[in-house]
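Here is the structure we will look at.
Read-outs: derived from the displayed coordinates by stated rules, not from any lab. A quick note: this is a predicted structure, and the numbers were derived from the prediction, not measured. Cβ: placed from backbone, ideal geometry, glycine included. Neighbour counts: every protein chain shown.
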Amino acid sequence: MAEAVSYTEKLKKWDRFEAEKFSKKAPVTTPYPFIDIEKPPEYRGIPHINPEKCIGCGACVNACPPDALIMEWDKEHGIKRLTYNAARCIRCARCIEVCPTGAMEPTTRFEIATDNKEDLVEVVEHKLAYCEECGEYLDFTERQIEYVKAILPKEIFEMYALDERIGLTQEAKMRKTVEKLRETEGIPVSAFMLVGEVKDKKGGEK
């Protein structure tokens, strides 16, 4: 029958030189944060907005569960502002999935500790499209209109006369439509008068 060797006896026979050699090969800890930690490429870190690719469509804002992304309109200065707050982000990557241009880029960054909250905020500003018909800013950015023109077939633009209508406000589009209808019927009535009539009926004024 084999004799059981106590733990104390095992320690006496321990080769300290070999143990030191082993510890150098496989350290128990790493000197983080003084060195970068290798992350797997699929690790979900804090997303980043690429301002060169972003068109300001707001798809990421609609998809974000914790409201880490918000959209603001400043029509006084003609600006549409997209703001991302990493402090609210849960790293679900929904914004990355729905972005049509790939502007929401994934990263493996997870260190967001800071003593300044502004370090956690990204802001991208876009220029709003301008309606030359009525002189008001649209809800869409200039980049959004350029993107639509680039992806839609030319036949669609010709069929619906989008070249004339895509840069107009809803009221201006209605005026254009009424003008076309009146021209077809041959009745020379001002489109502005017709728009006024529609508003009077809705508001109960004449």
- Item | Leu138, Leu152 arranged by Cβ crowding within 10 Å, fewest neighbours leading | Leu152, Leu138
- chymotrypsin sites (Phe, Trp or Tyr not before Pro) restricted to DSSP loop in the range 27-99 with at most 16 other C-beta within 10 Å: Phe34, Tyr43
- Task: Please arrange Met104, Met174 by counting, for each residue, the other beta carbons lying within 10 Å of its beta carbon, fewest first.
- Result: Met174, Met104
- Message: With the cut-off at 1.5 for a/c, could you classify the range 48-138 from its C-alpha gyration tensor as rounded, prolate or oblate?
- Response: prolate
- Task: May I ask you to derive the relative contact order of the range 48-138, considering only C-alpha pairs under 8 Å and at least 6 residues apart, and to give it as an integer percent?
- Result: 34
- On a C-alpha basis, how far is the centre of the range 136-174 from the centre of the range 83-117 in Å? Whole number, if you could? 31
- Residue by residue, what Karplus-based ³J(HN,Hα) values in Hz, rounded to whole numbers, does the range 80-86 have, using 6.51, -1.76 and 1.60 with θ = phi - 60° and x for Gly and Pro? 10, 10, 9, 10, 10, 10, 5
- Message: From Cα pairs below 8 angstrom and at least 6 apart in sequence, can you work out the relative contact order of the range 46-100, rounded to a whole percent?
- Response: 41
- Item | Taking Glu132, Glu122, Glu146 and counting other C-beta atoms within 10 Å, the order from fewest to most | Glu132, Glu146, Glu122
